[in-house]
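K.L.:
Here you go, one structure.
The values are calculated or read from the model by the stated rules, or taken from the named source; none is laboratory data. All of these numbers come straight from a predicted model, not from anything done at the bench. So basically every Cβ, Gly included, is an ideal-geometry build from the backbone, and we count neighbours across all protein chains shown. Ligands, DNA and RNA are excluded from the accessible area calculation, which covers all protein heavy atoms including side chains. Shrake-Rupley method; radii C 1.70, N 1.55, O 1.52, S 1.80 Å.
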Amino acid sequence: MSAATHPARGPGDRLTGLFWRRPKLLTALLLLPPLLWLGVVYIGSLVALLVQSFYSIDRFSGLVVPEFTLRTYGELLIPSNFDIILRTVTMAAAVTLAAVVLAFPVAYFAARHAKGRWKAVFYLGVMLPLWSSYLVKVYAWKLILAKEGIVTWAAEGIGAGNVLSAVLATPVIGGNSLSTSYIGTFLVFLYVWLPYMILPMQAALERVPASMLEASADLGAGGWRTLRSVILPLALPGVIAGSIFTFSLTLGDYIIPQIIGSSRFFIGQTVFSLQGTAGNIPLAAAFAVVPIVIMLVYLTLARKSGAFDAL
Amino acid sequence: MRSDGRPPLALTLAAVGGLLFLHLPIVLIFLYAFTTEERSYQFPPPGLTAKWFAVAWNRADIWPPLYLSLRVAAISSAMALVLGTLCAAAMARARFFGRDTVSLLVVLPIALPGIITGMSLRSAFAIGEIPFSTFTIVLGHATFCIVIVYNNAVARFRRLGASMLEASADLGANAFQTFAHVILPNLGSALLAGGMLAFALSFDEVIVTTFTAGQQSTLPIWMLNELVRPRQRPVTNVVAIVVVMATFLPILAAYYLTRGAEETAGGGK
C-alpha cells in the first residue's frame, strides 16, 4: 500500500496503513489484553495451586513445608480420601446419565417440533432456569425435600407415604429424610445442571438435516431405528458438550452436598474444609487437581470428537 | 420420525414434563415468601401473609451485601466486555497459530469447576500476600465472565463478515472510523446482551466468591449463610424473589436484543 492510494492524514490513518501491511500486528494487539489477563490471573493462579499441591504439611507444627514432594498426592490414595473421589465421580456420572435421559425429549421437541411461539417458550423455558440464581434453585429444593415439605405431603396425599419411607430405608442412598440422603443430593444436582445439557443437545439436534431423516425413512427404517442409527450419533457432539458441564460442575460443587445430603463429603466440600478450618492447603490443592485432571482428559477427548462446535 | 409430522404423545408429555420440572421449584419459592410459618418448611403453608416483604426491607443486614454484589457485577461485566470483545475481534479476523489454544483458554474458567478457580485464586492471593477486597472478588468474576461476552461477540462478528469492513476501507475510513461507525453499531446489541448475561452471572456467583471474598459478604454469600443457619426463613424467600427478578429481567432483555439478529445483520453471507 503506497501513500498514493491510501493518503495518510493523521496518526489513525498511519496506524491503519500499518495494520494493513502487517495484519498479524493488529491481531496480536487485540489478543494481548485478554491473553495477558487470562494468562496472569487465571493460568498464574492455576500454577500457584499446582505448586502448592506439591508442598506438604508438617505433621507437628501444622505449617506448610515449601519443598517439592509427592507425599501429599500419596495421601489421596488413603482409603478415606479415595472414597471421597470415588463417591464424587460416581455421583457426577449418575447425574450426567440422568441429565442425558431427561434432556433428550425436551431438546428434541424444541429442535424439531416447536415452531413459532412455542420455539420461544422452549428457548426461554430452558434459558430462565439456566440463568436464575444457583442458590435460589438449591434453596427451592431444600423446601421441596424437607421432611415437612411438599414431597412428603404429596406422597401421603396419594397414599404412597410408605413407599417414600421404604425408599428412604434403602441402605446407602436412603436417609432420615430426602434432604439428608444421596437421593436428595442427586435430584438437586440433576435439577441445577439439566439446562446445561438441554441447550447443546438442542443445538446439535437442530443441525441434523431433515433430509437425512427422510433418507432413513425411505430406506425403510422405523422411528426407533432412525433414532438409534441417525439421530443419536449426530446428536452425540451435543451430548458430549453438555456432559462437560454436568460432569465438571458436579465434580467441583461443594454447596449442594452441604445443604442437601448426608454428611459424607464430596471433593468440593473436602477442598473447602481443608483450605479453611483444617488449614491443610497442600492437600486441598491436591484434591482440587483431581477434577482438573479428569476434566482435561475429558476435554481432550471431547475436542477430538468435535464437541466444541456445538457449544 | 419426520420433522414435519405431529410429535408422538409420549415425546410431547416428556418435553412438557421436563419444562415443568425446571420451573415448579422456582414457583414454590414465591409461595413460601407468603407463608406465616417461619421455623419450618411446612407444606401446605398454614396461612398467608405479605408482612415478610416489609420485614426484609427493614433488615439492615441485607443492604450492604446487595450493594457489594451490584458493584462487583458492574465492574466485572465492564471488564469482561472489553476483554471478551477484543478476544472475539482477534479470533474473527484471523486464523493464526495457537487459535485453538486461545479458544480453550477462554472456555477453561467455566469448563473447570468453580472451586478450582476459587481455590487457585486464593492460593495466588496467599502467595502474593494480596489482602481480600472488592478487587479480589472482581478478579475472579471478570475471568469467568469473559467467555460469556466472547461467545456473544464472536457469533456476531462471524455474521458481520469481511465485506462490510472492506467497503468501509474502500470509502476511505481508517481502522478507528470503521470500528466506531461500522463495527460498534453492528456489535452493539450483541455486546449489550453479553454484558447483561455477564452481569447476571456475576451477581449470582457464590462458589468462586466464597474463596475470594474473605470476610466480605455479597448477596449470594448472605443467602448461603441463611441456608446454613436460617432465621426468619420467609425473609430468605423474599430476597430470593428479588434475586430471581434481578437475573430474569436481563436474560429476557438479552433474548429480545439478539433474537432478530439473523435478519438485521445480513452482510457477509
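K.L.:
What is chain A by shape, rounded, prolate or oblate, if you read a ≥ b ≥ c off the alpha carbon gyration tensor as root eigenvalues and call it rounded for a/c under 1.5, prolate for a/b larger than b/c, and oblate otherwise?
P.N.:
oblate
K.L.:
For region A:9-156, what is the convex hull volume of the alpha-carbon atoms per residue, in Å³?
P.N.:
For region A:9-156, the hull spanned by Cα atoms encloses 326 Å³ per residue.
K.L.:
Can you list residues from other chains, or at least 5 along the same chain, whose modelled amide H is less than 5 Å from the amide H of B:Thr35?
P.N.:
Sorted by chain and number, the residues that satisfy this are B:Thr49.
K.L.:
How many angstrom separate the Cα center of region B:148-183 from the Cα center of region B:81-118?
P.N.:
The two parts, judged by their Cα centres, are 20 Å apart.
K.L.:
Translational diffusion coefficient of region A:227-282 at 37 °C, 0.692 mPa s, Stokes-Einstein with Kirkwood Rh over Cα pairs, in µm²/s as a whole number.
P.N.:
D = 241 µm²/s.
K.L.:
Sum -39500 (n - 2.57) across every DSSP H segment of at least 4 residues in the protein assembly as shown, then divide by the residue count to get the 222 nm mean residue ellipticity, nearest 500.
P.N.:
-23000 deg cm²/dmol, from helical runs alone.
K.L.:
Here is a further query. Can you check how the C-alpha radius of gyration of the protein assembly as shown compares to 2.2 N^0.38 Å, as a plain ratio?
P.N.:
Expressed relative to 2.2 N^0.38 Å, the Cα Rg reads 1.03.
K.L.:
Shifting gears a bit: Is the shape of chain B rounded, prolate or oblate, going by the alpha carbon gyration tensor and its root eigenvalues a ≥ b ≥ c, with a/c under 1.5 for rounded and a/b larger than b/c for prolate?
P.N.:
Oblate.
K.L.:
Keeping every protein chain present and rolling a 1.4 Å probe, give me the accessible area per residue for region A:95-205 in Å².
P.N.:
Value for region A:95-205: 36 Å² per residue.
K.L.:
Turning to a different aspect of this structure: How much accessible area is lost when chains A and B come together, counting both sides, with a 1.4 Å probe, in Å² rounded to the nearest 100?
P.N.:
Chain pair A/B: roughly 8400 Å² of buried accessible area.
K.L.:
To continue, here is another question. Specify the angular offset, from 0 to 90 degrees and rounded to the nearest 10, of the alpha carbon long axis of helix B:233-259 from the longest principal axis of the alpha carbons in chain B.
P.N.:
20
K.L.:
Considering only A:Ile260, A:Thr246, A:Val172, whose Cα is most displaced toward the positive end of the charge dipole of the protein assembly as shown, charges sitting on Cβ of Lys, Arg (+1) and Asp, Glu (-1)?
P.N.:
A:Thr246
K.L.:
If I take R0 = 51 Å and measure r between the Cβ atoms of A:Thr277 and A:Arg207 in this structure, what FRET efficiency does the formula 1/(1 + (r/R0)^6) give, to the nearest 0.05?
P.N.:
Calculated value: 0.55.
K.L.:
What percentage of the solvent-accessible surface of region A:79-310, computed with a 1.4 Å probe over protein heavy atoms, is contributed by carbon and sulfur atoms?
P.N.:
Carbon and sulfur together cover 69 percent of it.
K.L.:
Cut-off under 14 Å on the C-alpha distance; same-chain residues fewer than 8 positions from A:Lys119 excluded. Which aspartates and glutamates are left, in chain and number order?
P.N.:
Straight-distance partners of A:Lys119: A:Glu206.
K.L.:
Straight-line reach from A:Lys142: which lysines fall under 28 Å, measuring Cα to Cα and dropping same-chain residues less than 8 apart?
P.N.:
Reachable lysines: B:Lys51.
K.L.:
Assuming R0 = 30 Å, can you tell me the calculated FRET efficiency for the pair A:Val64 and B:Gln215, based on Cβ-Cβ distance, to the nearest 0.05?
P.N.:
E(calc), rounded to 0.05, equals 0.85.
K.L.:
Between B:Leu31, B:Ala88, A:Thr90, whose Cα lies farthest towards the positive end of the dipole of the protein assembly as shown when Lys and Arg beta carbons carry +1 and Asp and Glu beta carbons carry -1, centred on the Cα centre?
P.N.:
B:Ala88
K.L.:
Could you name the aspartates and glutamates whose alpha carbon sits less than 20 Å from that of A:Lys137, not counting residues in the same chain fewer than 8 places away?
P.N.:
A:Glu148, A:Asp253, B:Glu38, B:Asp204, B:Glu205, B:Glu226
K.L.:
Let me spell out the model: positive unit charges on the Cβ of Lys and Arg, negative unit charges on the Cβ of Asp and Glu, origin at the Cα centre of chain A. What dipole size does that give, in debye rounded to 20?
P.N.:
That gives chain A a dipole magnitude of about 900 debye.
K.L.:
Where in region B:218-249 does the amide nitrogen come within less than 14 Å of the point 7 Å from the Cα of B:Val55, taken along Cα to Cβ?
P.N.:
Taking a point 7 Å out along Cα→Cβ of B:Val55, the residues of region B:218-249 whose backbone N falls under 14 Å are B:230-240.
K.L.:
Any chance you could give the angle, 0 to 90 degrees and rounded to 10, that helix B:9-32 forms with the longest Cα principal axis of chain B?
P.N.:
Around 60 degrees separate the two axes.
K.L.:
Then there is this: To the nearest 20 debye, what is the magnitude of the charge dipole of region B:61-264 about its Cα centre, counting +1 on the Cβ of each Lys and Arg and -1 on the Cβ of each Asp and Glu?
P.N.:
Approximately 180 debye in magnitude.
K.L.:
Additional query: Can you list the residues, at least 5 places off or on another chain, whose amide H is less than 5 Å from the amide H of A:Ile57, using H built in the peptide plane?
P.N.:
A:Val65
K.L.:
Still on this model: Provide the per-residue ³J(HN,Hα) series for region B:151-156, in order, calculated from phi with Karplus coefficients 6.51, -1.76, 1.60 and θ = phi - 60°, each as a whole number of Hz, with x at glycine and proline positions.
P.N.:
4, 5, 5, 5, 5, 6
K.L.:
Taking the Cα centre of the protein assembly as shown as the origin, how large is its charge dipole in debye, to the nearest 20, when only Lys and Arg (+1) and Asp and Glu (-1) carry charge on their Cβ atoms?
P.N.:
It works out to roughly 840 debye.
K.L.:
Mind checking the full-extension length gain between A:Leu18 and A:Leu76? Use 0.36 nm per residue of separation minus the Cα-Cα distance, one decimal, nm.
P.N.:
15.4 nm
K.L.:
Find how much the distance from B:Leu184 to B:Glu166 grows on full extension, using 0.36 nm per residue of separation minus their present alpha carbon separation; answer in nm with one decimal.
P.N.:
4.9 nm is the gain from fully extending B:Leu184 to B:Glu166.
K.L.:
How high is the relative contact order of chain B? Use alpha-carbon pairs under 8 Å, at least six apart in sequence, and give a whole percent.
P.N.:
31
K.L.:
With unit charges on the beta carbons (Lys and Arg positive, Asp and Glu negative) and the dipole taken about the Cα centre of the protein assembly as shown, which residue among A:Trp193, B:Leu104, B:Thr134 sits farthest to the positive side?
P.N.:
Looking along the dipole axis, the top candidate is B:Leu104.
K.L.:
Moving to a separate point now. Per-residue HN-Hα couplings for region A:267-281, Karplus 6.51 cos²θ - 1.76 cosθ + 1.60 at θ = phi - 60°, whole Hz, x for Gly and Pro?
P.N.:
3, x, 4, 4, 4, 5, 6, 5, 7, x, 5, 6, x, 9, 4
K.L.:
Moving to a separate point now. Only Cα pairs under 8 Å and at least 6 apart count here; give the relative contact order of region A:79-310 as a rounded whole percent.
P.N.:
Contact order relative to length: 26 percent.
K.L.:
Which ³J(HN,Hα) values in Hz, rounded to whole numbers, follow from the phi angles of region A:100-110 under the Karplus curve 6.51 cos²θ - 1.76 cosθ + 1.60, where θ = phi - 60° and Gly and Pro get x?
P.N.:
Computed from phi, the couplings for region A:100-110 are 4, 4, 6, 6, 4, x, 5, 5, 5, 4, 5 Hz.
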